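Taking it in order: structure first as structure tokens, then the write-up.
The values are calculated or read from the model by the stated rules, or taken from the named source; none is laboratory data. Given the structure is predicted, the values throughout are model-derived calculations rather than measurements. Ideal geometry is used to build each Cβ from the backbone, glycine not excepted, and the neighbour counts take in all protein chains shown. Surface accessibility is based on the protein's heavy atoms, side chains included, excluding ligands, DNA and RNA. Shrake-Rupley method; radii C 1.70, N 1.55, O 1.52, S 1.80 Å.
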Amino acid sequence: MTECQRCHKPMKTAAANMLCTSCRTDYWAMIYQLGHVQLPALRSIMLRQAHIGTPAHTPNKGNAPLPIDVRAQDLIADSEAWLAEQAGKIRAAYAAYDWRKAWYAIISNRHTILNMPTAADDYASLQHISRRNEQALTPEEAMVIIGTCPKCGHQAASTPQAETWTCPDCKWQGGVQAIKAERDNKLWQLEYTGKPVEVARYLAKMDIHCTSDQIRQWLTRGKLHATPTKHKGEYVFNLGEITAMLDCHN
Ligand SMILES: [Zn+2]
Ligand SMILES: [Zn+2]
């Protein structure tokens, strides 16, 4: 009995395998995604041939946009370095390949890559790269606000699937669930003025999901103590109260 070098689940057979079947599948999918989707997409963003989500606001007068997107350039450099390193492990000369050839070399040497003694570490560094790429490639509208950075207070936004978050400002890193829990504790201090549909939409940005119908029902049944404003259909909601209602209904 040996164990997977990455997830540490016991594996029955093939002592030569560094990774269990499920980690091998995930690893291979990440490698494929990197060369097939992420790098080409990042390159067109870098060259400003593509936008993510709605086009950016027109820049302030006198502030011409940079000719290339520097953030995408960083992500590309990290991704390409990973590919070059792996390709170089297959054959030293491959390390000098451009990224596309390096990726092809990796794709055509599946067995070698998956059984590399360093596979578990390579997996971990690729996972980090891949998540950052994915985040950069996710339209801002699809990002959720998970809270704020506990160290510097920067707003923390991530893709809905993310498990960890790295602060773009101070580089603090931590689990998404913990940041969300911290945020949820503070929801009782937060008020939102608007119609039920608007507060539902606002909460959805924080990955808290309820429908405007639910909110209207709670209002009619007196379960929410939102104060009506002088505008028709508009209330001052306490966000903590809404999430507490959701907790006992889900
Ligand atoms: Zn595993
Ligand atoms: Zn921070």
| Within the accessible area of the range 143-185 (1.4 Å probe), percent carbon and sulfur | 49 percent
| Taking the range 190-249, how much of its Cα-Cα pair set, in percent, is spaced more than 16 angstrom apart? | 33 percent
| For the range 201-216, what does the Karplus curve 6.51 cos²θ - 1.76 cosθ + 1.60, with θ = phi - 60°, yield as ³J(HN,Hα) per residue in whole Hz, taken in order and with x for Gly and Pro? | 5, 5, 5, 4, 4, 9, 6, 10, 10, 9, 9, 5, 4, 4, 5, 4
| message | Just to be sure I follow: if Rg is taken over the C-alpha atoms of the chain and Rh is the Kirkwood radius over the same atoms, what is Rg/Rh? | response | 1.08
| query | So, by mean Cβ neighbours within 10 angstrom, what's the order for 77-86, 172-181 with the highest one leading? | reply | 77-86, 172-181
| task | Send over a whole-number figure in Å² for the accessible area per residue of the chain, probe 1.4 Å. | result | 60 Å²
| note | Computed over all unlike Cα pairs, the Kirkwood hydrodynamic radius of the range 133-228 in Å stands at 14.7 Å
| field | Residue among HIS231, GLN214, GLN177 farthest towards the positive dipole end of the range 95-250, charges placed on Cβ | value | HIS231
| query | Residue by residue, what Karplus-based ³J(HN,Hα) values in Hz, rounded to whole numbers, does the range 71-80 have, using 6.51, -1.76 and 1.60 with θ = phi - 60° and x for Gly and Pro? | reply | 5, 4, 4, 4, 5, 4, 4, 5, 5, 5
